[in-house]
1. Give me the pairs: first residue in the stretch B:66-78 and outside any helix (DSSP H, G or I) and modelled with pLDDT of 95 or more, second residue among the charged types (D, E, K, R) and surrounded by fewer than 22 Cβ atoms within 10 Å (Cβ to Cβ), beta-carbon distance under 6 Å, and six or more apart or on different chains, which are they?
2. Hey, among the residues in the stretch A:342-356 that are away from chain B (no Cβ under 14 Å) and assigned to a helix (DSSP H, G or I), which one's surrounded by the fewest Cβ atoms within 10 Å (Cβ to Cβ)?
3. Between residues in the stretch A:381-394 that are free of Cβ contacts under 8 Å to residues at least 12 places away in the same chain and facing chain B (nearest Cβ under 7 Å) and residues that are surrounded by fewer than 20 Cβ atoms within 10 Å (Cβ to Cβ) and acidic (D, E), which pairs lie under 6 Å by C-beta distance while being six or more apart or on different chains?
4. Restricting to the stretch A:373-394, name every residue that is modelled with pLDDT under 95 and within 20 Å of the chain's Cα centre (by Cα).
5. When you check A:W50 against the structure, is it surrounded by 23 or more Cβ atoms within 10 Å (Cβ to Cβ), part of a loop (DSSP other than H, G, I, E, B), out of contact with any Phe, Trp or Tyr (no Cβ under 8 Å at 6 or more places or on another chain) and among the aromatic types (F, W, Y), yes or no?
6. Before we move on, is A:S322 among the hydroxyl-bearing types (S, T, Y) and within 24 Å of the chain's Cα centre (by Cα)?
7. Which members of the stretch A:72-107 meet the condition of being farther than 25 Å from B:P2 by Cα and more than 18 Å from the chain's Cα centre (by Cα)?
8. Exactly one condition in (1) part of a helix (DSSP H, G or I); (2) facing another protein chain (nearest Cβ under 10 Å) is not met by A:S321; state its number.
Amino acid sequence: MSDLDQFRRETRAWLEANCPPEMRNPVATDDDVFWGGRNTKFSSEAQKVWFERMRDKGWTVPDWPKQYGGGGLDGAEAKVLREEMAAMGARPPLSSFGIWMLGPALLKYGTEEQKAEHLPKITAGLIRWCQGYSEPNAGSDLASLQTRAESDGDDYVITGQKIWTSYANYADWIFCLVRTDPTAKKHDGISFILFDMASKGVSTKPILLISGKSPFCETFFDGVRVPKSHVVGTVNRGWDVAKYLLQHERAMISGLGDRSVGRPLGQIAADSIGSDAQGKLDDPILRGQIAAFEVDEAALACAAERAVDLAKAGQGHPAFSSAMKYYGTELNKRRYEILMSAGGIDALEWESPRSREGARPRAWLRTKANSIEGGTSEVMLGIVAKRILDLPGA
Amino acid sequence: MPLVLTEEQSMLRDSARGFINEKAPVAHLRKMRDERDATGFSRDLWKGFAEMGFAGLLVPENFGGSGLGAVEAGIVLEEIGRNLMPSPFLSTAVLAVSALTRGNAEQQAAYLPKIADGSLIAALAVDEGAKHRPLNIAMQAVRAGNGFKLNGAKALVVDGHVADLLIVAARTGGNAGERGGLTLFLVDPKAKGVSVERTVMVDAHNAARINFDNVEVSADAVLGEVDQGSDLLDAVLNIGRGAVASEMVGLSEEVFNRTVTYLKERKQFGKLIGEFQALQHRAATLYIDIEISRAATLKALQTLDQDAAKASHAVSVAKARAGTTATRAVQEGVQMHGGMGMTDQFDIGLFMKRARVCQELFGDDNYHAERLAEARQY
């Protein structure tokens, strides 16, 4: 038996013994997600137990180095763990922008002090991070951001406004793009800086969305003092860090639609629409749409797997996450259009225990942001055209 | 298993690519078509294929082959797809070998070495109607004496006009639509009652319609078990589907590369047309479609090699996705080449024609999406 087979057997046995039954079904509402942070509360004992066991094993972030609280697994082992967790439907023990976005950037660009300070608090779920990127006048054209960081001794003094800051009202710290050189060309005067959201001068205001929920905030900085040592990477070269982080963000968003576990879409539809005498969904055209969707969904899962394998083999293209982000988010929107059509009248209810307070229509509306956040579909296609296809003037 | 080629597989790709690029670029197909070649393919090239070890790629080593699998078959088909090479590789080296390796020892010994050395061409005869519906086979095989008597007609028998051996699916029992009652037979095309009509196809590749009129075969001609041919046929067709998906990935990528090159050369309104965002975004989405099809196809081929009995899902995903993508790639290829894309002199049209045939081979995208829906019971 190979070492990897041995690892798979041990992993499966450990997960069987340690993953509480309540943590082995798909995430249904926001309450099912554990984000960590200073003010966090577990929604159930099972969630707490699961998180703590995985944390102690280093498996909140299996492929980070052990010295930062990660699992120290290599790529092949991490893939085995993912597969085994998926096979039993195990939920992620910890969801975190620290894991998905900041961590990879810190590992590449951070100083040893920065890594030692921040990474262990991410893996242990102690600090919840948010992302200060977009501004009212810097959306798709992110590099035109105007939030100022003015030098004052050992500090920067930060003034400006961010928008679409996910969960800023719950976050403990922010990783933020600021302009440190207003005279340079727009990509050249930006720095990537970290600071505590409890700092004097920081305020947040949730934005009510069409889903009736407020996952995003406006975030205001009024003379916030931040030590210069909190800059990640080189001053005025923050755009490099920002772009690198975006690759990870896009890979994360492209995976949001992954429903490899859970009930097949066709059966969800049959629950509400019913089936004909042959057992086929009683809406033949919707049935065809679902089948075509499932082809694309399964093919995308292969492409996601291949992207990881290519990166591991050193054959990946750094801009490929933009391709995956485009396809994954468009597919997730399509999934929810199908779910709304399948749900019919039942999927229109907005407030009632029966509809779990309109969980489906709210989730449907939320997906419309997938192809906007983290770079719009149009920006993604522009990146593919320019960086992968090398088309002129793109 | 990682979804990337191993070092050995990359070497196989390079050697197939080198050989086909040199000996059978698209001009080779064009020449066959324009000269109305009697067989539509080059026997010398097929001999060369055998010498390179490609004809026996899937033949077990004890019968003179390399004993490789679906991934390797797909690698060669992808290069064939890039160059639109007319070759018995699919019919003989992939389909027939996959069928024959599931036969008995005598059958394997009689045919596999000849396939590996390039001296025997074989063809699989399954389809009867306008669409690929293997369970709807109506051709009859009735017991007669020690053997069977075959009656019926087959269509789209790839390389059927030059085959030395036919592998024919017929009904020994059951009714059209049922899994039970199918049997595979090895039939000599020169046998009395077999009539072969070469069909000149839209893609200038090779196929035949074959009639069977009271054709007598012995009991030894049965491949596998009488009445139990469905599983064997599924297994063979699945490898064929994966292989054709790979051919479609190859042809899609070739059309795409030629099209992107054109976008970087052609000027209108004083600009390279590749500067126009309307074309950039369409090119980008097509690139993504091709990458996704490639990943799904490699997954299907790997699954066929690792656990063939469970490969149907992955195979259908690959065949459907690669089919949809190829259909789109060739249409965008013609459209983005403008009027030039419509000319016979330009190669893009040849790719469009081949893509249409590949779609129909062993089930189009709709057929395979339907298969998914049925497997998931909705």
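The values are calculated or read from the model by the stated rules, or taken from the named source; none is laboratory data. Bear in mind the structure is a predicted one, so any value in this text is a computation, not a measurement. Because the Cβ atoms are built from the backbone with ideal geometry, glycine has one as well, and the counts that use them run over all protein chains shown.
1. Qualifying pairs under 6 Å: B:G67/B:E61; B:G69/B:D305.
2. Once the filter is applied, the top-ranked residue is A:I345.
3. The qualifying pairs are A:P392/B:E275; A:G393/B:E275.
4. A:E373, A:G374, A:G375
5. Answer is no for this residue.
6. Answer is yes for this residue.
7. none
8. (2)
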